[in-house]
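The values are calculated or read from the model by the stated rules, or taken from the named source; none is laboratory data. Note that the structure is predicted; figures quoted are calculated from it, not measured. Here Cβ is always computed from backbone atoms with ideal geometry, including for glycine, and neighbour counts include all displayed protein chains. Ligands, DNA and RNA are stripped out before the accessible areas are found, and what is left, the full protein with its side chains, is counted by its heavy atoms. Shrake-Rupley method; radii C 1.70, N 1.55, O 1.52, S 1.80 Å.
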Amino acid sequence: MDLNLTPGEVAFRDEFRAWLEANVPKDWAEWREKPLEESFPYLRAWQRKLQEGGWAAVSWPKEYGGRGATLMQQAIFWEEMARLEAPPMANALGLGLIGPTIIAYGTDAQKKRFIPKILSAQEIWCQGFSEPNAGSDLAALQTEARRDNGYYVVNGQKVWTSYGWVGDWCELVVRTDPTVPKHKGLTVLLVDMKSPGVEVRPLRQMTGESEFNEIFFRDVRVAVENVLGKVNDGWNVAVSTLMHERGAYGARLIPIFKRNINRLIELSRKIQRHGQPAAQDPVLRQKLAQCYAEVEIMRLNQLRAFSRITATGAPGPEGSIQKLFWSELNQRLQQLAQEMLGPYGQLLASDPRAVDQGLWSYGYLRSRGNTIEAGTSEIQRNIIGHFVLGLPRSY
Amino acid sequence: MQFGLNESQEFLRDSARKFFAAECPIAEVRRLMETDTAFDADLWSKLSEQGYTGIIFPEEFGGVGLGIVELVLLMEEAGRALLPGPFFSTVVFAGSLLDSLATKEQRRKYLAPICRGEARSTVAFCEPQGSWDLADVHLTATNGKLNGEKLFVPDAAVADWILVAARNGVFLVDSKAPGIGIERMHGMDLTRRLYSVQFEGTPAEKLGEIAGLARPRAIATVALAAEMVGGMQRTLDITVEYAKTRKQFGKPIGMFQAVQHQCADMYLETESARSAVYYAAWALQHNAPDAAAAVSIAKLYLSDASRSVGNRGIQVHGGMGFTWESDLHLYYRRAKASETALGDATFHRERLARLTIDARAVSAEKA
Ligand SMILES: Cc1cc2nc3c(=O)[nH]c(=O)nc-3n(C[C@H](O)[C@H](O)[C@H](O)COP(=O)(O)OP(=O)(O)OC[C@H]3O[C@@H](n4cnc5c(N)ncnc54)[C@H](O)[C@@H]3O)c2cc1C
């Protein structure tokens with residue numbers, strides 16, 4: 001056990017820090033609260049800049065434009081991004097989930113075709129997994145693809161597709177063989193969202209924005225070259241994407257949660273309660289300390305998981321612990337913010353009296369989605385129960 | 001950065017696990033808890049043969065010279081076995097206190113016999129308010145004599161020396177000294193006995209200043225938390241095993257999600273607890289700037305989580321979980337005693353609040 005940064009990690013941090021200090025846009029605060037539709041070109045430009053510096057996908061192997069960064073270096077990367085309040089990257093799903101899946105399962109031609117444009121944010125990717133009748137039970141999905149000479153013809157509907165409105169390409173899971181058990185008849189297709197027959201409709205979320213969409217496919221023709229992995233082996237390809245979603249995503253959130261709890265502590269010194277700063281209220285002190293401790297434990301769990309993955313070479317179902325922990329912790333953190341801010345907590349960004357430009361009212365509503373997206377908390381507990389503890393499957 | 005165990009740490013953990021399984025099976029725990037003091041001389045000499053009684057102390061006093069991470073691994077295994085008797089009070093608390101506070105002469109006299117397994121000791125801190133706050137220590141030595149009372153002193157009846165926190169220093173008292181009275185307190189945990197200790201003009205030898213208590217106390221807190229992790233792990237293992245084998249409605253109860261999700265939460269809590277403890281141990285060992293915060297984070301989380309794991313484990317066992325025969329309550333009792341010892345969750349949240357909210361320099365950034 002050695003929790004000091006190695007010389008290699010220090011060098012990585014210093015190099016990125018220097019680059020970031022020189023290149024991070026100074027005007028992000030002005031853009032942050034604008035609707036994503038408006039700020040998206042800005043985020044694309046920022047990703048391109050990162051790519052030019054070689055920093056867009058540090059976890060990817062060098063031959064694909066990454067840096068082959070270790071998991072610890074990735075954690076350092078996100079820490080630095082948060083420390084300097086850098087904007088997020090436009091192609092979040094392409095870089096974090098779908099690119100790595102293409103690198104693992106794609107043909108040389110597919111890698112050559114797709115990877116560079118994921119990196120440069122020229123092509124934005126979305127993840128077409130969930131359907132109206134297949135959410136937690138993803139393998140029950142019904143969108144079908146029938147072979148027609150050199151093409152698959154796709155018919156069906158996807159839902160809750162984040163980035164669907166801006167997506168150029170979609171990692172789409174379809175049923176290619178309805179006659180075999182549900183996990184065995186799935187295939188992953190890489191679909192051009194500009195193909196005839198693709199229709200994207202916005203879905204308004206409880207936060208008021210339209211971050212996700214529904215997508216309809218009517219006789220959409222996808223060339224067989226765009227099958228990712230083997231035909232009818234789509235379940236394994238999709239699970240590889242989900243592992244990325246559950247495993248490493250926490251590392252991106254830790255510095256953000258740290259910033260949020262530190263900001264709450266800062267606010268507690270200014271907000272008055274019973275004639276004294278909230279920071280002196282014994283009940284709030286207890287709650288702030290508890291939350292602070294849990295954010296730190298989330299970080300430590302992540303570091304331990306990274307060390308384990310580095311030692312064993314493969315992320316396991318333990319990623320479910322991280323997902324469960326961060327999603328439920330964020331809900332507690334957001335509730336604590338509401339409790340501390342009192343009536344101000346409800347104010348939206350549009351209200352001039354809103355604290356931190358409405359960050360906390362938005363965060364409170366948005367956090368409800370955390371325990372649903374990327375596999376619900378119930379599903380994560382099923383995974384831990386069955387795959388980690390070896391209890392019999394409940395269904 | 002590497003947050004896993006290295007080979008020698010894994011070896012230590014595995015051999016401790018084997019040792020406790022062989023020398024301290026649960027039947028032995030049950031036998032000892034029916035005795036007067038829960039202390040067994042045979043078991044003690046075996047612990048010292050393993051080098052455990054000197055694990056973190058310098059070799060010049062007969063110790064093994066290992067670090068706090070290693071101590072924590074040993075304590076985790078001791079907790080899994082529910083090791084009865086004065087190991088925590090003697091080696092972990094009194095031993096660290098002597099090691100960091102006493103003069104070389106005193107260490108040769110008192111620490112060396114502890115390392116060799118020849119002597120036992122304990123620390124007397126709490127007074128009738130039952131507080132773990134240093135500000136609530138009122139006992140004061142005058143002219144080298146103590147007058148007053150200490151409560152909740154673990155294993156005092158089998159200790160050769162009692163180390164006493166007083167306003168004007170930490171003092172060592174011989175347990176056979178004149179004017180000392182040791183009486184059993186009847187606590188929930190039958191495997192670790194608590195005592196009240198009365199002093200009436202009892203001669204006391206000064207070891208050092210009271211401020212010197214901070215580090216040994218931090219070490220004891222982390223080690224106790226580690227012992228709690230071991231208890232949680234054992235409770236989880238027993239419960240998962242039961243959930244796989246106990247059948248109702250024709251199915252193993254572990255198939256029901258209400259049960260399965262309790263087990264998943266027990267796992268989450270146990271793993272999180274372990275992360276917190278390992279980090280605190282490492283931070284203490286290396287004097288990291290956030291070591292004090294890390295210790296409180298570990299103890300506050302453990303204090304709540306070990307109780308929670310116990311609650312869930314008993315619930316999953318149904319009526320069986322409520323019996324004397326089930327081992328769960330033995331762990332549950334220990335967990336409650338450890339929850340309050342050295343400060344409960346509320347105590348450590350307040351301490352963490354002082355370190356993070358009141359201190360302007362939030363240590364998290366550096367962590
Ligand atoms: C903000 C957000 C963004 C998203 N982005 C995407 C995206 O980009 N791409 C995409 O494909 N999907 C996306 N999703 C969809 C998400 O993956 C699904 O919503 C999720 O998997 C749950 O599926 P469902 O909505 O159909 O709910 P259901 O599966 O119908 O679940 C309803 C309730 O039943 C419970 N339940 C279901 N099955 C079980 C079981 N076996 N045991 C116990 N309880 C069970 C669930 O936990 C839940 O509480 C997103 C969702 C959100 C909220």
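Structure notes:
- Of all residues in the stretch B:146-163, those that are at positive phi have Cβ atoms under 6 Å from Cβ atoms of residues that are buried (at least 24 other Cβ atoms within 10 Å of the Cβ) and in a strand (DSSP E or B), 6 or more apart or on another chain, in B:G148/B:F199; B:D155/B:T122.
- Residues within the stretch A:349-362 that are free of Cβ contacts under 8 Å to residues at least 24 places away in the same chain and open to solvent by 50 Å² or more (accessible area, probe 1.4 Å), tallied: 5
- Among residues of the stretch A:87-144, those that are more than 19 Å from the chain's Cα centre (by Cα), within 16 Å of the ligand (Cβ to nearest atom) and surrounded by fewer than 19 Cβ atoms within 10 Å (Cβ to Cβ), counted: 6
- Any chance B:A243 is within 12 Å of chain A (Cβ to nearest Cβ) and surrounded by fewer than 22 Cβ atoms within 10 Å (Cβ to Cβ): no
- Residues in the stretch A:269-289 that are assigned to a helix (DSSP H, G or I) and surrounded by fewer than 23 Cβ atoms within 10 Å (Cβ to Cβ): A:R269, A:K270, A:A279, A:Q280, A:P282, A:V283, A:L284, A:R285, A:Q286, A:K287.
- Selection status of A:I309, surrounded by 22 or more Cβ atoms within 10 Å (Cβ to Cβ), under 25 Å from B:A264 (Cβ atoms) and either of a type outside the set (D, E) or touching a strand residue (DSSP E or B) at 6+ places or on another chain (Cβ under 6 Å) (or both): no
- When A:R393 is tested against (1) over 12 Å from B:A264 (Cβ atoms); (2) modelled with pLDDT of 95 or more; (3) in the same structural domain as A:V283 (by TED's automatic domain parsing), just one condition goes unmet, and that condition is (3).
- Output for the stretch A:145-165, where each listed residue is open to solvent by less than 80 Å² (accessible area, probe 1.4 Å) and either of a type in the set (F, W, Y) or away from the ligand (no atom under 16 Å from the Cβ) (or both): A:A145, A:D148, A:G150, A:Y152, A:V153, A:N155, A:Y163, A:W165
- Residue match in the stretch B:67-81 (condition: open to solvent by less than 20 Å² (accessible area, probe 1.4 Å), farther than 25 Å from B:D189 by Cβ and of a type in the set (G, A, S)): yes
- Any hit, the stretch A:247-255, residues being over 30 Å from A:E38 (Cα atoms) and out of contact with any strand residue (DSSP E or B) (no Cβ under 8 Å at 6 or more places or on another chain): yes
- Taking the listed residues A:V220, A:V295, A:V237, A:V227, the one that is away from every other protein chain (no Cβ under 11 Å), under 21 Å from the mean Cα position of the chain (by Cα), crowded, with 18+ Cβ neighbours inside 10 Å and at pLDDT 95 or above is A:V237, with no other qualifying.
- Index of the failed condition, B:L330 passing every other in (1) touching a residue at least 60 places away in the same chain (Cβ under 8 Å); (2) assigned to a loop (DSSP other than H, G, I, E, B); (3) buried (at least 16 other Cβ atoms within 10 Å of the Cβ): (2)
- The residue that is most open to solvent (accessible area, probe 1.4 Å), among those in the stretch A:363-395 that are more than 13 Å from the ligand (Cβ to nearest atom) and within 19 Å of the chain's Cα centre (by Cα), is A:Y364.
- Flag if B:A258 is surrounded by 24 or more Cβ atoms within 10 Å (Cβ to Cβ) and within 27 Å of A:I383 (Cα to Cα): no
- Any pair with Cβ under 7 angstrom, 6 or more apart, that starts in the stretch A:298-323 at a residue that is closer than 22 Å to A:N370 by Cα and ends at one that is open to solvent by 60 Å² or more (accessible area, probe 1.4 Å): A:P315/A:M243; A:P317/A:F387; A:G319/A:M243
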